[in-house]
Amino acid sequence: MNKGASASYLTTLNSLRSSNGITTPLTDPGTATARVRQFFQERAFWLWLTGHRLSDLRRLVRQYGFTAAQVFPTGQTIFGAPYGTDVNLPLPFQERNNPAATSGQCIDRNP
């Protein structure tokens with residue numbers, strides 16, 4: 001997507017939407033930042049429950065310059081508990097014993 005510099009992604013997204021019966025096309029939001037947000041929001045809808053969301057949120061921080069607070073949930077959950085500060089899944093104990101799981105490879109806690 002070229003970090004929001006191109007609006008050509010709309011053609012692909014609108015084609016996907018129309019082929020699935022969604023008649024309202026997306027329009028160009030006008031700024032690079034808004035294009036990136038629109039693209040990843042639409043991607044979140046299409047890939048719901050496929051396990052891609054966490055890596056997309058981390059990508060928004062690492063490669064697109066957003067802060068973790070801008071893309072990860074903050075405040076309180078619907079159950080009243082506060083959201084934590086983690087930006088990835090912890091390495092399970094069973095995998096810590098795996099010699100192939102080196103220390104810097106799997107447990108980087110930065111977005």
For this session: Quick one: count up the residues across region 62-84 that are over 16 Å from the mean Cα position of the chain (by Cα) and either surrounded by 11 or more Cβ atoms within 10 Å (Cβ to Cβ) or at pLDDT below 90 (or both).
Result: 2
Exercise. Restricting to region 30-70, what's the tally of residues that are more than 17 Å from Y9 (Cβ to Cβ) and among the small types (G, A, S)?
Worked result: 5
Problem set entry | Residue count, region 18-47 (criterion: part of a helix (DSSP H, G or I) and either of a type in the set (A, V, I, L, M, F, W, C) or free of Cβ contacts under 8 Å to residues at least 24 places away in the same chain (or both)) | 14
Exercise. Where residues in region 17-30 are surrounded by 11 or more Cβ atoms within 10 Å (Cβ to Cβ) and out of contact with any Ser or Thr (no Cβ under 8 Å at 6 or more places or on another chain), which of them is farthest from V71 (Cα to Cα)?
Worked result: S18
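The values are calculated or read from the model by the stated rules, or taken from the named source; none is laboratory data. Here the structure is a predicted model, which is why all the values come from computation and not from measurement. Cβ atoms come from the backbone with ideal geometry, glycine included; neighbour counts cover every protein chain shown.
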